[in-house]
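Shown next, in structure tokens, is the structure this report addresses.
The values are calculated or read from the model by the stated rules, or taken from the named source; none is laboratory data. The structure displayed is predicted, hence computed values, not measured ones. Ideal geometry is used to build each Cβ from the backbone, glycine not excepted, and the neighbour counts take in all protein chains shown.
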């Protein structure tokens, strides 16, 4: 039986989760789901929020949630990608499913031009309010599903725990567009979920085997690929996490043609 803290708790309980699981696992939970539990072992009162903004049931308190989560640290995988690429030097980075903007702000601070994409207006309002005035010209904030938003050419594309919320029928096209947007030498940093994840029975989410992930990454230089399974906590209660952390570089000679303006 998975270890967990209990089945009835709200976002204010997450500091305890951070203490027990470490900041990395808190970062995995924060960006995309807000669930209020009704107590006991039954179905949660709110179903998980997808990154394109659709809700299965009631609307959660996004304003309160994003205000609470805005103080977290940037994700380690993004920081590793930044170390690989060096300072932004006005190169372009895309943050897909940017939420309240923790990673987008980090990129701005490192000298990148940033396209921040999210379907939730409250998240983007939080980001917009936190962008320092001197760098506003270096960020484009886009409200929309990344299944539909046109992606600019970029040296860095970050998708922190957002791509699994792409419906399976749309994932191949989304991934192709990501590959086409990534310039030769550019880096993709993000996560996919494995098929032993607790949420793997959700038909509106995309899950992969390790072989699937290797096929998705065909043609890219894999800088880091780690598969992790552990029992832990999500806002919906106990959860088995099955994740793939990916850091991959588009080779200088890519089979994906450069998109013409």
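In segment 56-71, is there at least one residue being in contact with a helix residue (DSSP H, G or I) (Cβ under 6 Å, 6 or more places away or on another chain), at pLDDT 50 or above, part of a loop (DSSP other than H, G, I, E, B) and surrounded by 19 or more Cβ atoms within 10 Å (Cβ to Cβ)?
Looking through segment 56-71, none of the residues is in contact with a helix residue (DSSP H, G or I) (Cβ under 6 Å, 6 or more places away or on another chain), at pLDDT 50 or above, part of a loop (DSSP other than H, G, I, E, B) and surrounded by 19 or more Cβ atoms within 10 Å (Cβ to Cβ).
Hey, does segment 158-173 have a residue that's part of a strand (DSSP E or B), at pLDDT 95 or above, surrounded by 13 or more Cβ atoms within 10 Å (Cβ to Cβ) and on the phi < 0 side of the Ramachandran plot? So that I can check it myself, show each step before the final result.
Here is the first cut: in segment 158-173, the residues part of a strand (DSSP E or B) are 158-159.
Filter once more, so that each one left must be at pLDDT 95 or above: 158-159.
Those still in the list that are surrounded by 13 or more Cβ atoms within 10 Å (Cβ to Cβ) too: 158-159.
Narrowing the set further to residues that are on the phi < 0 side of the Ramachandran plot leaves 158-159.
Yes, segment 158-173 contains a residue that is part of a strand (DSSP E or B), at pLDDT 95 or above, surrounded by 13 or more Cβ atoms within 10 Å (Cβ to Cβ) and on the phi < 0 side of the Ramachandran plot.
Examine segment 224-233 for a residue that is more than 26 Å from residue 83 (Cα to Cα), modelled with pLDDT under 95 and buried (at least 19 other Cβ atoms within 10 Å of the Cβ), and state whether such a residue exists.
yes
Can you go through 128, 195 and tell me which one is under 19 Å from the mean Cα position of the chain (by Cα), exposed (fewer than 15 other Cβ atoms within 10 Å of the Cβ) and within 20 Å of residue 105 (Cβ to Cβ)?
Working: 195 fails: within 20 Å of residue 105 (Cβ to Cβ).
Only one candidate qualifies: 128.
If you go through segment 200-209 one residue at a time, do you hit one that is loosely packed, with under 15 Cβ neighbours inside 10 Å and at positive phi?
Among the residues of segment 200-209, not one is loosely packed, with under 15 Cβ neighbours inside 10 Å and at positive phi, which makes the answer no.
Mind listing whichever residues of segment 97-113 are part of a loop (DSSP other than H, G, I, E, B), without any contact (Cβ under 8 Å) to a residue 60 or more places away in the chain and surrounded by 23 or more Cβ atoms within 10 Å (Cβ to Cβ)?
98, 100, 101, 112 - these are the residues of segment 97-113 that are part of a loop (DSSP other than H, G, I, E, B), without any contact (Cβ under 8 Å) to a residue 60 or more places away in the chain and surrounded by 23 or more Cβ atoms within 10 Å (Cβ to Cβ).
Restricting attention to segment 114-123, and to residues there that are in a helix (DSSP H, G or I) and in contact (Cβ under 8 Å) with a residue 24 or more places away in the chain, which single residue is nearest to residue 91 (Cα to Cα)? Quick ask: steps written out before the conclusion?
Start the filter on segment 114-123 by keeping residues that are in a helix (DSSP H, G or I), which leaves 121-123.
With in contact (Cβ under 8 Å) with a residue 24 or more places away in the chain added as a condition, the list becomes 122-123.
Working: 122: 27, 123: 24 Å.
Out of the qualifying residues, it is 123.
Restricting to segment 174-185, what's the tally of residues that are part of a strand (DSSP E or B) and surrounded by fewer than 24 Cβ atoms within 10 Å (Cβ to Cβ)?
Initially, segment 174-185 is screened for residues part of a strand (DSSP E or B), giving 182-185.
Checking which are surrounded by fewer than 24 Cβ atoms within 10 Å (Cβ to Cβ) leaves us with 183-185.
The number of residues fulfilling the criteria is 3.
Show the residue pairs meeting these rules: Cβ distance below 6 Å; 6+ apart or different chains; first residue within segment 218-244 and on the phi > 0 side of the Ramachandran plot and part of a loop (DSSP other than H, G, I, E, B); second residue surrounded by fewer than 19 Cβ atoms within 10 Å (Cβ to Cβ) and at pLDDT below 95.
If the second residue must be surrounded by fewer than 19 Cβ atoms within 10 Å (Cβ to Cβ) and at pLDDT below 95, the pairs left are 219/255.
Any residue in segment 135-149 that is modelled with pLDDT under 95, crowded, with 23+ Cβ neighbours inside 10 Å and assigned to a helix (DSSP H, G or I)?
No, there is no match, as no residue in segment 135-149 is modelled with pLDDT under 95, crowded, with 23+ Cβ neighbours inside 10 Å and assigned to a helix (DSSP H, G or I).
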